[in-house]
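The values are calculated or read from the model by the stated rules, or taken from the named source; none is laboratory data. These numbers were taken from a predicted model, which means no experiment stands behind them. Backbone-built Cβ (ideal geometry, glycine too); neighbour counts: all protein chains shown. Ligands, DNA and RNA are stripped out before the accessible areas are found, and what is left, the full protein with its side chains, is counted by its heavy atoms. Shrake-Rupley method; radii C 1.70, N 1.55, O 1.52, S 1.80 Å.
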Amino acid sequence: MQLTILGCGGSMGVPMLACDCVVCTSTEPRNQRTRTAALIQSPTTTILIDPGPDLRLQGLRHNLQQLDAVLVTHPHQDHIGGIDDLRPFTLHTQRMLPLYANQFTLDRIRYQYDYAFASGESASTRPSLGLNLLDGSALQIGDVPIIPLPIDHGDWQILGFRIGDLTYMTDVSHIPEPTFEMLHGVKSLIIGALRHEPHPLHFTVEQALAAVARIQPEQAFFVHMSHSLDYNTEHATLPKHVQLAYDGLVLPIGE
């Protein structure tokens, strides 16, 4: 199995519109960040984490031909804004695409994309989605084992995911103690680190580093990064086993 970082940028992406800062005008390709999303692929199963507003671009970039399921961490627009672009994956089939999330997220998706669940709508004008509740129990999608991980995003409880020895948690501002206990043995950690300045909804770089030190993975990668983090500048200061992710990064997943 492997996980591909489709995007690692914050809610406005990098470069950000109407900004001429050194990162937004950088020629370093690893400073070009679409909105944070990931793809899990096994020999038989392909799962998207977060259909954000850059999904079409990300899918074309990686020649995405099929999806077996979608996992959603939470319902902020930069994580669900591409739901309508899921249409091609069911357009010529009779199946619904399974989408998994907690109840709060499912409710928001049903409200925001109400036309997708209305009777009589043409298959060409709506994504065909089957909503599935993640209640905290482990599940298996095809040959991919998934453990939902409750984490805090400000006042919201959202989800990260553990897949084998890899853990993915973006948009995190606090990790509850029971979740820390579920992270023993993690070898690869993908974790949100927005910027150095404090933010009420996101880990700073320093807070993310503290979480890495406690979890003790073999390697860690930061995602959901704003335009204040320059790839090369940050790398000069980080521990050797911690890196900034970049769009297109591929990580193996072990048991």
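A count restricted to region 119-176 and to residues that are farther than 20 Å from Leu6 by Cβ, polar (S, T, N, Q) and touching a residue at least 60 places away in the same chain (Cβ under 8 Å) stands at 0.
Only one entry of Ala208, Ala213 meets the criterion of being modelled with pLDDT of 95 or more and over 17 Å from the mean Cα position of the chain (by Cα), and that entry is Ala213.
Taking the options Ala220, Ala210, name whichever one is within 17 Å of Leu166 (Cα to Cα) and among the hydrophobic types (A, V, I, L, M, F, W, C). Before you say what the answer is, go through the steps one by one.
Details: Ala210 fails: within 17 Å of Leu166 (Cα to Cα).
Exactly one residue qualifies, and that residue is Ala220.
Entry remark, region 151-205: residues being among the hydrophobic types (A, V, I, L, M, F, W, C), over 16 Å from the mean Cα position of the chain (by Cα) and under 17 Å from Gln243 (Cβ atoms) number 2 in total. Restricting the search to strands (runs of 3 or more DSSP E) fully inside region 22-86 and requiring at least 1 residues that are open to solvent by 10 Å² or more (accessible area, probe 1.4 Å) and not β-branched (Val, Ile, Thr) gives 37-41. Are any of the residues in region 93-107 assigned to a loop (DSSP other than H, G, I, E, B), over 23 Å from Gln140 (Cβ atoms) and open to solvent by 50 Å² or more (accessible area, probe 1.4 Å)? Within region 93-107 (the criterion being assigned to a loop (DSSP other than H, G, I, E, B), over 23 Å from Gln140 (Cβ atoms) and open to solvent by 50 Å² or more (accessible area, probe 1.4 Å)), the answer is yes, since at least one residue qualifies.
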